[in-house]
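Asks: Handing you a structure now.
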Amino acid sequence: MNLIDQVEQLFIQDKIDIFLGYKALDGHLLPHGFTRDRMEELKALQVSEGRYSLEKIATHLTEKHPDIRIGMIARECNLRTLNLLYTWKQLNPENIETINISCCPSPLKPHSDCSYLEPKQTGAYKKTHGIDFNADPDTFLDDFNNKNRFSRWMYEFNKCIKCYGCRNICPVCFCDECSLEHASLVEPGTLPVDVPIFHLIRATHMAGRCIDCGLCEDACPMDIPLRLLYRQVNAIVSDIFDYRPGNGTDQSPFTIIGEKTVLEPKPMDAQLEGEKEYGL
Amino acid sequence: MDCKFVPAVCSYCGTGCGVLFEVIDGKINATLPMKSHPVNHGKLCIKGWNLHEYINSYMRLKTPLIKEDGRFQKATWDEAIGHAAVKFNQIKDQFGPDAIGVLVSAKITNEENYLAQKFTRAVIGTNNVDHCARL
Ligand code: SF4
Ligand code: SF4
Ligand code: SF4
Ligand code: SF4
């Protein structure tokens, strides 16, 4: 069954209220919410090479309609994120249906249909002064001494324009209050950004959370190799706790510590509660 | 319930990054960078990321205001443009066209900037026209 028929079936069997996929508009493949009352639009449903975080959109929909049943196109990275969002109670697995899309390179499609699988190019200056996007975290540790690694990371961090794009685009950044907006940690309204604290705060938070989708690195206007940093942090988590974020829906070592976690996630219907409180 | 994504161009500066408004139930809920846009390739600065904040701000002006008796009063566009035209003419008659200057912006299009300088030179009659990109 092709994609469109599969989605049509989900609507006919009344399994979903909305389906998140992609649709072409003015030559751009953009995310779109397909609904039952506009079934004719389904003809235009497509898969896109550019990746948008459909699951983050799902959390926004759930904030407004806590019982909404959502279907979505899901690649490997989307599935890992969904698992993590279930673990952290940002989405209810009973309300999500996925149509899984293969992402793996194969002899037929060297990079399949996902931008993530295209290796990033690292320029010559970045190679000598900064960090190669495609460096292997282990050899990176072996190749350079502490001092050299520190100066390379500082070269990268110092480029930061404090756009908060890495946090905004990240599907697993769902805290009620973000530490990066905490005035005592990161001074608001000033540039340059506090380095390396800004990046290290985010790096520690991604321990046990980052599912390595690469969206942050894609969104970083300054080409800071954020994934390498978060991979390194998660290597520690996997060594100590044998836990890989998004691999399953088991509780994470960071959610079982107690009722109260350090990074308090927002409740699933946060927006609705807020709107009630302010009478909107 | 409705969820759509509307492409637009960031209105904050002349770079013109492509943004995507996440519209849920008719209200702009978030701003995303447009991945396939030739200008910004899926990246934005902090202003672009927060476009929805000013669009939804309760402080946003939704009608023109005219100051009367020291207080701003709501007005229609015709009233506001008429009022500005009368005042410009008064200033021009009393002090001459060089008493008026026009500052244009990188936030508007090339064509709008062209129109603004045409208006300044041909209608008002002064060369006092400048652009924020020169500041
Ligand atoms: S790779 Fe980046 S965007 Fe993706 S989960 Fe990790 S930190 Fe978030
Ligand atoms: S994980 Fe850290 S960076 Fe992300 S939203 Fe929470 S506090 Fe902010
Ligand atoms: S996306 Fe890049 S430039 Fe923007 S805040 Fe994050 S690290 Fe800094
Ligand atoms: S996102 Fe930033 S750089 Fe891009 S147009 Fe808007 S203000 Fe300018």
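The values are calculated or read from the model by the stated rules, or taken from the named source; none is laboratory data. Because the structure is a prediction, the values reported are computed rather than measured. Note: ideal-geometry Cβ built from the backbone for every residue, glycine included; neighbour counts use all protein chains shown.
Asks: Any idea how many residues of the range B:77-111 are β-branched (V, I, T) and touching a residue at least 24 places away in the same chain (Cβ under 8 Å)?
Replies: 3
Asks: I would also like to ask the following. Determine if the range A:167-188 includes at least one residue that is within 14 Å of chain B (Cβ to nearest Cβ), among the aromatic types (F, W, Y) and not in a helix (DSSP H, G or I).
Replies: Within the range A:167-188, one or more residues are within 14 Å of chain B (Cβ to nearest Cβ), among the aromatic types (F, W, Y) and not in a helix (DSSP H, G or I).
Asks: A:P196 passes all but one of (1) touching a residue at least 12 places away in the same chain (Cβ under 8 Å); (2) within 14 Å of another protein chain (Cβ to nearest Cβ); (3) more than 9 Å from ligand 1 (Cβ to nearest atom); which number fails?
Replies: (2)
Asks: Looking at the range B:64-78 only, could you name the residues that are surrounded by 10 or more Cβ atoms within 10 Å (Cβ to Cβ) and closer than 29 Å to B:K27 by Cβ?
Replies: The answer is B:P64, B:L65, B:F72, B:Q73, B:K74, B:A75, B:T76.
Asks: For the condition away from ligand 4 (no atom under 14 Å from the Cβ) and hydrophobic (A, V, I, L, M, F, W, C), what is the one hit in B:V86, B:V39, B:V19, B:V9?
Replies: Unique residue meeting the criteria: B:V86.
Asks: What number of residues in the range A:34-49 are surrounded by 19 or more Cβ atoms within 10 Å (Cβ to Cβ) and within 19 Å of the chain's Cα centre (by Cα)?
Replies: 1
Asks: Could you please tell me which pairs satisfy a Cβ distance under 7 Å, a separation of 6+ or placement on different chains, a first residue in the range A:27-55 that is closer than 18 Å to A:C77 by Cα, and a second residue that is of a type outside the set (D, E, K, R) and at pLDDT below 90?
Replies: So the pair list comes out as A:V47/A:I101; A:E49/A:C114; A:E49/A:S115; A:G50/A:S115; A:R51/A:C114; A:R51/A:S115; A:R51/A:Y116.
Asks: Assess whether B:V23 counts as being modelled with pLDDT of 95 or more and more than 16 Å from ligand 2 (Cβ to nearest atom).
Replies: yes
Asks: Shifting gears a bit: Inside the range A:224-250, can you point out the residues that are crowded, with 18+ Cβ neighbours inside 10 Å and either assigned to a helix (DSSP H, G or I) or at pLDDT 90 or above (or both)?
Replies: Across the range A:224-250, the qualifying residues are A:I224, A:P225, A:L226, A:R227, A:L228, A:L229, A:Y230, A:V233, A:N234, A:V237.
Asks: In the range B:44-135, which helices (runs of 4 or more DSSP H) lie fully inside it and hold 1 or more residues that are among the β-branched types (V, I, T)?
Replies: Because the criterion is at least 1 residues that are among the β-branched types (V, I, T), the helices (runs of 4 or more DSSP H) in the range B:44-135 that meet it are B:46-49, B:51-56, B:77-95.
Asks: Limited to the range A:39-89, what total is found for residues that are under 22 Å from A:F11 (Cβ atoms) and at the interface with chain B (Cβ under 9 Å from one of its Cβ atoms)?
Replies: 8
Asks: When only residues in the range B:1-49 that are polar (S, T, N, Q) and at the interface with chain A (Cβ under 7 Å from one of its Cβ atoms) count, which is farthest from B:N113 (Cα to Cα)?
Replies: Residue satisfying both the conditions and the ranking: B:N29.
Asks: Out of (1) more than 16 Å from ligand 2 (Cβ to nearest atom); (2) modelled with pLDDT under 95; (3) closer than 28 Å to A:R75 by Cβ, the odd one out for A:E156 is which?
Replies: All conditions pass for A:E156, except number (2).
Asks: Hey, another quick one. Just to be sure before I move on: is A:P245 over 22 Å from A:K120 (Cα atoms), within 14 Å of the chain's Cα centre (by Cα) and away from chain B (no Cβ under 14 Å) in the structure I sent?
Replies: The answer is yes for A:P245.
Asks: A further question follows. Can you name every residue in the range A:199-216 that is buried (at least 22 other Cβ atoms within 10 Å of the Cβ) and within 11 Å of ligand 3 (Cβ to nearest atom)?
Replies: Once the filter is applied, which keeps residues that are buried (at least 22 other Cβ atoms within 10 Å of the Cβ) and within 11 Å of ligand 3 (Cβ to nearest atom), the range A:199-216 yields A:R202, A:L215, A:C216.
Asks: Right, B:A8: in a helix (DSSP H, G or I) and under 19 Å from the mean Cα position of the chain (by Cα) or not?
Replies: So B:A8 does not fit the description; no.
Asks: Would a scan of the range A:192-205 turn up a residue that is away from ligand 2 (no atom under 11 Å from the Cβ) and touching a Pro at 6+ places or on another chain (Cβ under 7 Å)?
Replies: So far as the range A:192-205 goes, no, none of its residues is away from ligand 2 (no atom under 11 Å from the Cβ) and touching a Pro at 6+ places or on another chain (Cβ under 7 Å).
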